[in-house]
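Peer 1: Attaching a single structure in structure tokens format; questions to follow.
The values are calculated or read from the model by the stated rules, or taken from the named source; none is laboratory data. Remember, it's a predicted structure, so these values are computed and weren't measured experimentally. Cβ: placed from backbone, ideal geometry, glycine included. Neighbour counts: every protein chain shown.
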Amino acid sequence: MIGRRWDGRLEMTAVFSWGFTSLAVATFLGMLVLFAAQSLPLWRHAGAGFLSGTTWFFRAGQFGVLPMVYGTAIVSAVALLFATPLGIGAAIFTAELLPRGARRTRLAVKTAVELLAGIPSVVYGLLGVLLLRDFVLRLLAPWDPLSGDTLLTGGLLLGIMVLPTIISLSDDALGGIAGSQRLAARALGLTRAETVLKVILPQALPGLASAVLLGLGRALGETIAVFLVIGRQDNQWPERLLSLRPLTEAGQTLTSKLGGSETFLALDDPLHWGAITGLALVLYAGVALVSWIGARLALPGGGRA
Amino acid sequence: MRRSVGRGWIDRAFWLACALCAACVGVLLAGIAGAILWRGLPVLRPGFLTAVSSEAGASGGVRDEIVGTLILITTALLVSAPLATGVALVHAVYLRSLPARRRLLVALYTANALPSILFGIAGMVVFSRFFGWGKSWLAGGLLLGLMILPTLSVALIERLRSLPRKYREAASALGLTRAQTVWSVLLPQCAGGLLSGALLGLARAAGETAPILFAAAVFSGAGLPSGLRDSPVAALPYHIFVLAQDSFDPSVESHLWGAACVLVGLVLGLSLLALPARLRAHEEAQNA
């Protein structure tokens, strides 16, 4: 509690603060409303079939979101499978297993990781185009892919991109656990591995889950880097849903579709434009949900908030 | 206490596995930094920064792109800074209940994760459909400003939170009103936080491509903007984005690495400038 009770005068600072905050909140919610309103022609045309539709062929007026959702899901899954074990393992190593005197090392690592998290996605995309694409092409040679632009390439690149996020947030989660817990565990004769696995990890679990979810949020929404390496060919809704084959083929995600030339093409046709903004609406809702859960886990209620 | 042989081995295996993860990450991240520097630095002659791009990016430099990026991020900051200050003050001063503060913070984290392409699409709807603008630096700056708003707000909130409680108590004891407390205690004490938050926001805005894709950026032929509505700018990330889509010409490739190096230098430079203030805030928060 700061300051005296309100004395009846209008306080300009408060008015402006609340005004600016309302403006900010209104703009972010307004984007959601904007996408919903712009996609109305589509909902009238396709209804809920948009969400369950398995084909996207705009010349025939067929709009189904699932092929793009499928691409996004595959790419994000590859990214998390790659980044989660690697990131959490590395965070455990720097936070728990390095000798306690190595504080400075830990700080240096954290700084380096955060700087890497700041490298623009277009630069990661460039690295993907010039280096990773050839690597994946050679890696996949036995399955004889058409090019290095595949869902797998997109997923690996995303994995590299979310790695700093996951490491940094996991490190925060581990650092939030009191040192006395570690001392007590070691004093009871637990080994380092047992201390980490049985004492630290169970307590850090919400924080680690949040790290992975916020990483997932970034992976779901990343546009530019994925766009450059994924080939941007509409996924045929795979007849072989459980097959790994699509990994070796070019694909399309929600974001690469939105960033592509179809967005310009669609401007003149209300229905097509409705479909594009419908995709934006789906992406907004999905990412907001995942990150909202992640943020709630990262910011436990009570005292500090 | 005696350790059984098995436990010792498990412990060693666990240590090794984590060390391997850390080593992989280290090699990967060092490789990324190394690749950018190794390929980009040789391209960075002084002329590269001051010449205009020519032959569709195969020769010349990136002067217009640097200028355009600076225009965009300055606009973004001017839009975003007052709004973010307002949001941070609402969180720190005007919201009384803890649950409401937490909701605001969760909302900011969520907004921070929104995909940048959504700002691009929204900008296309608002500026080109509703307002009938062509590509414009102002539209790009507004979109980028909106995008960095959550980042900036969170940085400010963290700084305000790390201020020792006694400052506020002293202000209260002196009989300052809330507005006086804000203007003569909280904001001056947080100047460092404002600055580092602003630098981080600038760094993030400088690297983004998706928000300016449809509403602001063009590939070439844009120098200084001459108006508001139909005056596109060039921008470093957009330049790289376009060139990367057809990178088979070796001279384009070396040009690309050079541009990437400039962009990374700009972004990391801004983040590094923000670093001392952030570290100090971190320390103060721990000592408070």
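Peer 1: Condition test on A:Ala26, is it farther than 23 Å from A:Gly259 by Cβ and in contact with an Asp or Glu (Cβ under 9 Å, 6 or more places away or on another chain)?
Peer 2: Details: farther than 23 Å from A:Gly259 by Cβ: yes; in contact with an Asp or Glu (Cβ under 9 Å, 6 or more places away or on another chain): no.
The answer is no for A:Ala26.
Per-residue answers, yes or no, for (1) part of a helix (DSSP H, G or I); (2) modelled with pLDDT of 85 or more; (3) of a type in the set (A, V, I, L, M, F, W, C):
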site	(1), (2), (3)
A:Val78	yes, yes, yes
A:Leu81	yes, yes, yes
A:Thr84	yes, yes, no
A:Leu116	yes, no, yes
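Peer 1: Same structure again: Within region B:26-68, how many residues turn out to be assigned to a helix (DSSP H, G or I), over 28 Å from A:Lys110 (Cα atoms) and of a type in the set (Val, Ile, Thr)?
Peer 2: Taking region B:26-68 first, the residues assigned to a helix (DSSP H, G or I) are B:26-43, B:46-50, B:55-57, B:63-68.
Those left that are additionally over 28 Å from A:Lys110 (Cα atoms): B:42-43, B:46-50, B:55-57, B:63-68.
From what's left, of a type in the set (Val, Ile, Thr): B:43, B:50, B:66-67.
Summing the residues that are assigned to a helix (DSSP H, G or I), over 28 Å from A:Lys110 (Cα atoms) and of a type in the set (Val, Ile, Thr) in region B:26-68 gives 4.
Peer 1: So which residues in region A:47-61 are free of Cβ contacts under 8 Å to residues at least 24 places away in the same chain and buried (at least 16 other Cβ atoms within 10 Å of the Cβ), if there are any at all?
Peer 2: A:Gly53
Peer 1: Suppose we filter A:Gly71, A:Gly101, A:Gly61 for residues that are farther than 30 Å from B:Leu16 by Cα and at pLDDT below 85; which single one remains? Give the derivation first.
Peer 2: Values: A:Gly71 fails: at pLDDT below 85; A:Gly101 fails: farther than 30 Å from B:Leu16 by Cα.
Every option except A:Gly61 fails the conditions.
Peer 1: Among the residues of region A:191-208, count how many are touching a helix residue (DSSP H, G or I) at 6+ places or on another chain (Cβ under 7 Å) and among the hydrophobic types (A, V, I, L, M, F, W, C).
Peer 2: So the answer is 6.
Peer 1: Test A:Gly231 against the stated conditions and say whether it is modelled with pLDDT under 90 and closer than 30 Å to B:Ile10 by Cα.
Peer 2: Numbers: modelled with pLDDT under 90: yes; closer than 30 Å to B:Ile10 by Cα: no.
No.
Peer 1: While we're looking at this one, here's another question. Of the residues A:Arg106, A:Arg182, A:Arg133, A:Arg138, which is among the charged types (D, E, K, R) and either within 30 Å of B:Ile117 (Cβ to Cβ) or in contact with a strand residue (DSSP E or B) (Cβ under 8 Å, 6 or more places away or on another chain) (or both)? Steps first, answer last, please.
Peer 2: Working: A:Arg106 fails: either within 30 Å of B:Ile117 (Cβ to Cβ) or in contact with a strand residue (DSSP E or B) (Cβ under 8 Å, 6 or more places away or on another chain) (or both); A:Arg182 fails: either within 30 Å of B:Ile117 (Cβ to Cβ) or in contact with a strand residue (DSSP E or B) (Cβ under 8 Å, 6 or more places away or on another chain) (or both); A:Arg138 fails: either within 30 Å of B:Ile117 (Cβ to Cβ) or in contact with a strand residue (DSSP E or B) (Cβ under 8 Å, 6 or more places away or on another chain) (or both).
Result of the check over A:Arg106, A:Arg182, A:Arg133, A:Arg138: A:Arg133.
Peer 1: Would it be correct to say that A:Val75 is more than 8 Å from chain B (Cβ to nearest Cβ) and crowded, with 21+ Cβ neighbours inside 10 Å?
Peer 2: On the way: more than 8 Å from chain B (Cβ to nearest Cβ): yes; crowded, with 21+ Cβ neighbours inside 10 Å: yes.
Here the answer is yes, as A:Val75 does meet what is asked.
Peer 1: Which residue, of A:Thr94, A:Thr55, is out of contact with any Pro (no Cβ under 8 Å at 6 or more places or on another chain) and either β-branched (Val, Ile, Thr) or farther than 27 Å from A:Ala219 by Cα (or both)? Walk me through it before giving the result.
Peer 2: Values: A:Thr55 fails: out of contact with any Pro (no Cβ under 8 Å at 6 or more places or on another chain).
The conditions single out A:Thr94.
Peer 1: With A:Leu80, A:Leu151 as the choices, which residue is in contact with a strand residue (DSSP E or B) (Cβ under 8 Å, 6 or more places away or on another chain) and more than 7 Å from chain B (Cβ to nearest Cβ)?
Peer 2: On the way: A:Leu80 fails: in contact with a strand residue (DSSP E or B) (Cβ under 8 Å, 6 or more places away or on another chain).
Answer to the check: A:Leu151.
Peer 1: Suppose the filter is facing chain A (nearest Cβ under 9 Å), more than 28 Å from A:Gly217 (Cα to Cα) and part of a loop (DSSP other than H, G, I, E, B); does B:Arg96 pass it?
Peer 2: Working: facing chain A (nearest Cβ under 9 Å): yes; more than 28 Å from A:Gly217 (Cα to Cα): yes; part of a loop (DSSP other than H, G, I, E, B): yes.
It is true that B:Arg96 is facing chain A (nearest Cβ under 9 Å), more than 28 Å from A:Gly217 (Cα to Cα) and part of a loop (DSSP other than H, G, I, E, B).
Peer 1: Counting just the residues of region B:29-51 that are surrounded by 15 or more Cβ atoms within 10 Å (Cβ to Cβ) and without any contact (Cβ under 8 Å) to a residue 24 or more places away in the chain, which one comes out farthest from A:Leu97 (Cα to Cα)?
Peer 2: Ranking the qualifying residues of region B:29-51, first place goes to B:Ala51.
Peer 1: Among the residues of region B:59-66, is any assigned by TED's automatic domain parsing to the domain that holds B:Phe241, surrounded by fewer than 20 Cβ atoms within 10 Å (Cβ to Cβ) and of a type outside the set (Ser, Thr, Tyr)?
Peer 2: Of the residues in region B:59-66, the ones assigned by TED's automatic domain parsing to the domain that holds B:Phe241 are B:59-66.
Restricting the remaining residues to those that are surrounded by fewer than 20 Cβ atoms within 10 Å (Cβ to Cβ) gives B:59-60, B:63.
Narrowing further to those that are of a type outside the set (Ser, Thr, Tyr): B:60, B:63.
Yes, region B:59-66 contains a residue that is assigned by TED's automatic domain parsing to the domain that holds B:Phe241, surrounded by fewer than 20 Cβ atoms within 10 Å (Cβ to Cβ) and of a type outside the set (Ser, Thr, Tyr).
Peer 1: In region A:83-99, how many are farther than 20 Å from A:Glu114 by Cβ and more than 10 Å from chain B (Cβ to nearest Cβ)? Before you say what the answer is, go through the steps one by one.
Peer 2: Looking only at region A:83-99, we keep the residues that are farther than 20 Å from A:Glu114 by Cβ, and these are A:85, A:97, A:99.
Retained after the next criterion (residues that are more than 10 Å from chain B (Cβ to nearest Cβ)): A:99.
Going through region A:83-99 one residue at a time, the tally reaches 1.
Peer 1: Scan region A:59-72 and tell me whether some residue there is closer than 14 Å to A:Val282 by Cβ, over 26 Å from the mean Cα position of the chain (by Cα) and more than 14 Å from chain B (Cβ to nearest Cβ). Outline the logic, then answer.
Peer 2: Restricting attention to region A:59-72, the residues satisfying the condition of being closer than 14 Å to A:Val282 by Cβ are A:63-72.
Applying the additional criterion that residues be over 26 Å from the mean Cα position of the chain (by Cα) yields none.
No, every residue in region A:59-72 fails to be closer than 14 Å to A:Val282 by Cβ, over 26 Å from the mean Cα position of the chain (by Cα) and more than 14 Å from chain B (Cβ to nearest Cβ).
Peer 1: If I go through region B:233-288 residue by residue, how many of them are of a type in the set (A, V, I, L, M, F, W, C), at pLDDT below 85 and in contact with a Pro (Cβ under 9 Å, 6 or more places away or on another chain)?
Peer 2: Qualifying residue count for the region: 1.
Peer 1: Another question, then. Could you check how many residues of region B:111-123 are at the interface with chain A (Cβ under 7 Å from one of its Cβ atoms), touching a residue at least 12 places away in the same chain (Cβ under 8 Å) and assigned to a helix (DSSP H, G or I)?
Peer 2: 5
Peer 1: Ok, one more. Scan region A:132-146 residue by residue and report those that are surrounded by 15 or more Cβ atoms within 10 Å (Cβ to Cβ) and either within 14 Å of another protein chain (Cβ to nearest Cβ) or part of a helix (DSSP H, G or I) (or both). Give the steps one after another, and end with the answer.
Peer 2: Start the filter on region A:132-146 by keeping residues that are surrounded by 15 or more Cβ atoms within 10 Å (Cβ to Cβ), which leaves A:132-133, A:136-137, A:139-140, A:145.
Matches in region A:132-146: A:Leu132, A:Arg133, A:Val136, A:Leu137, A:Leu139.
Peer 1: Here are some residues: B:Ala81, B:Ala88, B:Ala139. Which one is small (Gly, Ala, Ser), in a helix (DSSP H, G or I) and either surrounded by fewer than 23 Cβ atoms within 10 Å (Cβ to Cβ) or facing chain A (nearest Cβ under 7 Å) (or both)?
Peer 2: Working: B:Ala88 fails: either surrounded by fewer than 23 Cβ atoms within 10 Å (Cβ to Cβ) or facing chain A (nearest Cβ under 7 Å) (or both); B:Ala139 fails: either surrounded by fewer than 23 Cβ atoms within 10 Å (Cβ to Cβ) or facing chain A (nearest Cβ under 7 Å) (or both).
After ruling out the rest, the residue left standing is B:Ala81.
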